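Below you'll find the structure, written out as structure tokens, and then a few comments.
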Amino acid sequence: MSSSAEQAAGRRLLTFLREWDRGSVHVRRRMLRSFLSQNTGKTSPELELEFTQAASLFLSRITVWIRLTYMFGTCLNLQLKALGVFLSAAGSRQYLMEFLEVGGVLTLLEILGQKKTKEPDKAEALRLLYIISNSGRQYKELICESYGVRAVAECLAQSKSEETQRSATTLLESLSQGNPLFQQQVYKGLIALLACNSPKAQQLVLQTLRTVQSTVKAAHPGIVGPLLNLLRSLHLEVQYEVLELIAELQQTEVRTALLRSLVTLLKPSREGARKYKILQDPEMMKMTDSLPLFVQQAAAAKALRMLAQSSQTTSEDLIHLGVVHYLLYAMGNQEHADTQRQASLTLEHIVRSDPVVEEHVHRAMGPALFTSFMNNAELLYMNMDDVEADILLSNKVNISRELEEQKVSGVRPGCMRLLSRINTMSRLKSARGERGVQEDTALVKSRKSKPRVKEEEPSRPSPYHFFDDPAELRLFRSHLLAWYDQSKRELPWRTLAATERDVNIRTYAVWVSEVMLQQTQVATVVDYYNKWMKRWPTVQKLAEASLEEVNQMWSGLGYYSRGRRLHEGAQKVVSELGGQMPRSAETLLKQLPGVGRYTAGAISSIALGQVTGAVDGNVIRVLCRVRAIGADSTSPPVTEALWTIADMLVDPDRPADFNQALMELGATVCTPKSPVCAQCPVQTHCRAYRKVSLKQEKDTKTLLGRLDSAVPDIENCLSGSCNLCLSEGWDSELGVQNYPRKPLKKAPRVERTLTCVLQRQSDEGDVQYLLIQRPSKGLLAGMWELPSMLLEEGIPEKKHRGLLSAEVQRILGTSPDEESLQHLGEVVHIFSHIHQTYVVYSASVCVHADVEREPRTCWLTDSALQEAAVSTGVKKIMKLFYESTRELKNTKNKKRKQYSEPGKEKQAKHPRKRQERAPNGGPKQLSLSQFFTSKPAGS
């Protein structure tokens with residue numbers, strides 16, 4: 001019975017397929033409608049049951065037919081819906097693969113690009129692409145690799161159907177999620193779509209862009225122009241989405257560019273304004289030519305008010321950008337009432353929040369207009385006459401000078417003129433607080449006069465410099481981590497540490513990054529780190545490398561002993577630790593060469609999740625300012641105090657993020673010079689910032705004669721002999737930069753070194769250069785250098801050639817002629833502790849001088865020299881050599897040319913003959929017009 005039923009089902013399937021294959025367009029249309037009505041919403045097993053385990057046969061027929069007829073639109077909508085039944089069926093992975101194998105994605109994208117394709121068909125094709133995109137990351141990548149983002153973006157830009165536009169934006173959002181490889185491509189595609197003409201499409205793109213922006217995090221600089229251009233839109237829903245996106249972009253790196261551009265829009269140029277044909281009457285069109293610019297001007301003023309109200313920091317930044325002048329100008333635009341109203345409301349908020357601005361605006365407006373403005377800013381434009389409008393339009397308000405003075409001194413602008421009258425005596429008084437100048441002078445004299453005796457055992461540091469409140473400790477962690485989650489830089493070692501599951505690889509990767517970052521900027525390290533990890537992704541691979549290869553990879557990064565220690569450590573891990581990286585800060589410190597207390601703490605917290613502090617230069621600066629530690633940061637008491645604070649602060653749940661957040665804060669906000677205190681997430685916990693603020697307020701009140709109990713006292717360490725406090729007195733010009741005070745650096749040692757670029761010609765005709773390997777210990781250990789010798793003081797220049805000749809003789813057993821030694825110049829290279837000047841010569845030796853007496857010598861060609869493990873100093877020397885060689889060749893060619901000039905006298909006597917010879921290959925004389933219009937040789 002079962003067999004006969006299967007046979008009957010098979011016959012029905014064959015009949016169905018035969019009817020499809022032989023049927024006309026009308027027959028197939030009927031069959032598709034029947035298929036859709038009976039099978040929409042079915043699962044993959046149900047479809048297989050319906051088609052006797054051969055549903056793929058019908059799917060392949062639909063796919064073939066759509067590929068043959070999609071350009072003509074024949075039953076296209078029914079075909080796409082039928083494909084959707086297969087692709088959307090639960091458990092349809094087999095159908096999906098079969099569809100993709102025959103180029104299904106390309107077919108759907110080509111359908112979107114056809115001008116004749118109807119809007120419902122485009123929407124259906126986009127729905128199928130959305131189904132494919134949601135099937136997994138590899139399918140998103142397939143669509144993107146097939147130029148899908150471009151096709152969907154063009155479809156969205158050209159479409160007039162809201163259904164199609166919504167489907168396109170939904171697909172683009174899907175392609176951006178969980179697709180890191182092409183996330184930026186989708187993001188940039190959305191930015192390009194901001195220029196489309198449809199208001200509905202603009203609104204949908206902006207909504208999608210907001211969603212994608214939260215995933216991408218780092219904003220692309222190209223978003224600013226197209227985004228602000230949409231403020232010209234006459235559609236309020238588009239302007240609303242623009243304002244929302246502008247607010248969200250304030251947490252990204254385009255914040256400053258956005259603010260600056262918004263301020264600039266308050267004073268628009270009418271040149272190049274887009275003309276919106278709102279009315280057909282030509283006279284009315286002339287009146288509305290500038291309407292989009294004025295709409296943009298009003299919207300910019302509204303956006304600035306929204307941003308200023310959301311953040312006092314933003315309000316201060318806008319004042320720095322000159323927003324007051326531009327707002328006054330916009331208030332004088334009598335051609336557009338909404339611009340006047342929005343600008344007036346924005347300026348009112350800024351004026352009421354800053355007395356300095358109030359003073360300047362009052363002076364610019366005059367008493368009468370300013371009184372009207374303060375009484376009712378929103379309706380000021382209704383009672384404004386032409387004279388008052390001209391006053392606003394011609395204002396020259398500029399607060400930049402006072403702001404610059406504020407930036408230098410850290411004092412509020414309103415107090416700047418008063419505080420500038422403080423003489424040296426009063427500044428000394430404020431620096432010591434309760435102590436007077438006489439006490440300061442006596443203290444200095446007593447320190448100088450008293451002989452240094454054995455110091456008493458230092459007392460325990462005051463609690464003032466530590467965190468003694470658990471609630472403050474929790475808030476500090478919370479504020480810092482919240483800021484880090486929003487502001488952290490995307491760095492390759494951070495990404496690897498967060499995504500790598502193998503603890504051994506993770507620990508190794510963090511170790512490499514921490515060693516590279518010692519004394520080297522992040523921007524420099526990124527490329528070196530990526531190349532290093534690509535070549536030696538594991539500690540075992542690094543251990544197998546030679547020191548020569550490591551030095552070669554490290555070339556140009558500086559502090560070359562770091563690379564050597566990494567190599568030594570990798571070999572130790574493989575040979576002594578069984579290939580397993582240490583698993584704690586203690587074992588890292590003991591077992592890896594070159595790993596100190598900070599490096600061990602950073603690796604163990606970031607890679608292993610150990611709850612331990614990590615105190616580097618950035619963290620030292622942050623903690624010293626937060627806890628007002630002003631003593632020498634390299635002294636033992638300060639060092640121990642900072643490690644105690646760091647271990648106390650580290651978040652037990654997120655030690656890796658917390659330590660990196662503290663370092664990030666020091667690197668980007670709490671910088672050595674010009675710290676951006678206004679952007680600091682832990683500003684309320686910072687004793688240095690509080691001290692600066694209170695001293696400014698107290699000094700201002702004193703000068704104004706208004707000092708009363710409303711000003712709180714400045715908190716100070718009450719311990720009489722605290723070894724963490726400032727030892728030199730407060731400098732009001734430094735502000736928070738009083739902490740920490742660094743000891744004076746020892747001046748670098750000055751050295752001069754004779755160096756020779758020695759070359760020879762090989763049997764193959766290549767020019768080769770002699771290099772000598774440095775000792776395995778000491779400065780630039782194991783690196784290759786040119787023949788060199790330290791130049792002692794007092795040796796005259798006339799003896800340089802003899803010294804170099806003798807050194808080459810010692811190395812090679814033969815020496816160049818002293819006369820052939822050419823002086824090329826001097827190259828300066830600064831090491832951390834040496835100011836090195838290379839006195840550079842060049843010389844040549846015969847090709848037979850190939851018996852080197854020194855074992856660590858080699859001859860390298862130009863190309864091999866580029867890849868060799870040489871220091872930056874050697875690269876500078878070779879650059880000088882190449883430039884000098886080129887100049888010498890040019891000089892010789894010029895002399896040769898001048899020497900041949902007399903021979904041209906004979907040619908000048910027979911110009912006609914030379915013209916006749918020109919077609920046969922000789923030089924052809926150009927006319928004056930031809931000379932100026934002809935292309936130069938070699939172009």
Review point. Consider G594 against the criteria (1) open to solvent by less than 20 Å² (accessible area, probe 1.4 Å); (2) within 30 Å of S871 (Cα to Cα): it satisfies all of them except one. Which criterion is unmet?
Key: (1)
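Which fully enclosed helices (runs of 4 or more DSSP H) of the stretch 53-164 have 3 or more residues being small (G, A, S) and at negative phi?
55-69, 76-88, 119-133, 148-158
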**Study point:** Filter result (modelled with pLDDT of 90 or more and open to solvent by 30 Å² or more (accessible area, probe 1.4 Å)) within the stretch 317-333
**Key:** H325, Y326, Y329
Check your understanding: Give me the pairs: first residue in the stretch 539-556 and free of Cβ contacts under 8 Å to residues at least 12 places away in the same chain, second residue open to solvent by 30 Å² or more (accessible area, probe 1.4 Å) and not β-branched (V, I, T), beta-carbon distance under 8 Å, and six or more apart or on different chains, which are they?
Key -> K541/R535
Practice item. Consider only pairs whose beta carbons are under 7 Å apart and that are at least six residues apart or on different chains; among these, list those whose first residue lies in the stretch 777-804 and is small (G, A, S) and whose second residue is open to solvent by less than 20 Å² (accessible area, probe 1.4 Å). Key: A781/Y560; G782/N551; S788/T753; S788/L754; S788/T755
Revision key, fill the gap. Result of the Cβ filter at 8 Å on the stretch 299-321, keeping first residues that are hydrophobic (A, V, I, L, M, F, W, C) and partners that are outside any helix (DSSP H, G or I), at least 6 apart or interchain, is A300/L266; A301/L266; L304/L266; I319/D354; I319/I399
Point to revise | Residue that is farthest from S762 (Cα to Cα) [pool: residues in the stretch 864-910 that are modelled with pLDDT of 60 or more and of a type in the set (D, E)] | key: E887
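What number of residues in the stretch 536-549 are assigned to a helix (DSSP H, G or I) and under 26 Å from I772 (Cα atoms)?
6
I'd like the full set of residues that are surrounded by 14 or more Cβ atoms within 10 Å (Cβ to Cβ) and either modelled with pLDDT of 95 or more or polar (S, T, N, Q) (or both), limited to the stretch 513-531. Steps first, answer last, please.
Just the residues of the stretch 513-531 that are surrounded by 14 or more Cβ atoms within 10 Å (Cβ to Cβ), to begin with: 513-518, 520, 522, 524-526, 528-529.
Matches in the stretch 513-531: S513, Q518, T520, T524.
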**Study point:** Residue satisfying all of: in the stretch 838-856; open to solvent by less than 70 Å² (accessible area, probe 1.4 Å) and part of a loop (DSSP other than H, G, I, E, B); modelled with the highest pLDDT among these
**Key:** V845
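For the stretch 618-649, enumerate the residues that are of a type in the set (D, E) and at pLDDT below 90.
Step one: of the stretch 618-649, the residues of a type in the set (D, E) are 632, 640, 647.
Of everything in the stretch 618-649, just one residue is of a type in the set (D, E) and at pLDDT below 90, namely D632.
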Practice item. Among the residues of the stretch 638-689, count how many are touching a His at 6+ places or on another chain (Cβ under 6 Å) and among the β-branched types (V, I, T). Key: 1
Review point. Across the stretch 217-249, what is the number of residues that are out of contact with any helix residue (DSSP H, G or I) (no Cβ under 7 Å at 6 or more places or on another chain) and surrounded by 16 or more Cβ atoms within 10 Å (Cβ to Cβ)?
Key: 1
Practice item. Check off (1) open to solvent by 30 Å² or more (accessible area, probe 1.4 Å); (2) under 54 Å from the mean Cα position of the chain (by Cα); (3) touching a residue at least 40 places away in the same chain (Cβ under 8 Å) for R12 and give me the number that stays unchecked. Key: (2)
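For the stretch 328-342, what are the residues that are in a helix (DSSP H, G or I) and touching a Ser or Thr at 6+ places or on another chain (Cβ under 6 Å)? Let's see the steps before the verdict.
Of all residues in the stretch 328-342, those in a helix (DSSP H, G or I) come to 328-331, 337-342.
A330, M331 - these are the residues of the stretch 328-342 that are in a helix (DSSP H, G or I) and touching a Ser or Thr at 6+ places or on another chain (Cβ under 6 Å).
Yes/no per residue for (1) open to solvent by 50 Å² or more (accessible area, probe 1.4 Å); (2) of a type in the set (A, V, I, L, M, F, W, C):
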residue: L36; (1), (2): no, yes
residue: E50; (1), (2): yes, no
residue: L57; (1), (2): yes, yes
residue: W65; (1), (2): no, yes
residue: M71; (1), (2): yes, yes
residue: L80; (1), (2): no, yes
**Study point:** Yes/no for S605 being crowded, with 18+ Cβ neighbours inside 10 Å and of a type in the set (S, T, N, Q)
**Key:** yes
Check your understanding: So which residues in the stretch 772-829 are among the aliphatic types (A, V, I, L, M), open to solvent by 50 Å² or more (accessible area, probe 1.4 Å) and under 39 Å from the mean Cα position of the chain (by Cα)?
Key -> L779, V828
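May I ask you to say which residue of L234, L181 is within 23 Å of S146 (Cα to Cα) and not in a helix (DSSP H, G or I)? Break it down stepwise before answering.
Working: L234 fails: within 23 Å of S146 (Cα to Cα).
Step by step, each of L234, L181 is checked, and only L181 is within 23 Å of S146 (Cα to Cα) and not in a helix (DSSP H, G or I).
State the number of residues belonging to the stretch 205-228 that are assigned to a loop (DSSP other than H, G, I, E, B) and hydrophobic (A, V, I, L, M, F, W, C). Quick ask: steps written out before the conclusion?
Of all residues in the stretch 205-228, those assigned to a loop (DSSP other than H, G, I, E, B) come to 217-220.
Checking the rest, the ones that are also hydrophobic (A, V, I, L, M, F, W, C) come to 218-219.
Qualifying residue count, the stretch 205-228: 2.
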Review point. How many residues are over 22 Å from D468 (Cβ atoms), at pLDDT 80 or above, hydrophobic (A, V, I, L, M, F, W, C) and surrounded by fewer than 17 Cβ atoms within 10 Å (Cβ to Cβ) when one looks only at the stretch 661-709?
Key: 2
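Can we say S133 is buried (at least 21 other Cβ atoms within 10 Å of the Cβ), among the hydroxyl-bearing types (S, T, Y) and closer than 27 Å to A55 by Cβ? Walk me through how you get there before you give the answer.
Numbers: buried (at least 21 other Cβ atoms within 10 Å of the Cβ): yes; among the hydroxyl-bearing types (S, T, Y): yes; closer than 27 Å to A55 by Cβ: yes.
Judged against the criteria, S133 is a match.
The values are calculated or read from the model by the stated rules, or taken from the named source; none is laboratory data. Quantities reported herein were computed from a predicted structural model and do not represent experimental measurements. Quick reminder, even Gly has a Cβ in these numbers, built from the backbone with ideal geometry, and neighbours come from all protein chains shown. Protein only, heavy atoms only, side chains kept; ligands, DNA and RNA dropped before computing areas. Shrake-Rupley method; radii C 1.70, N 1.55, O 1.52, S 1.80 Å.
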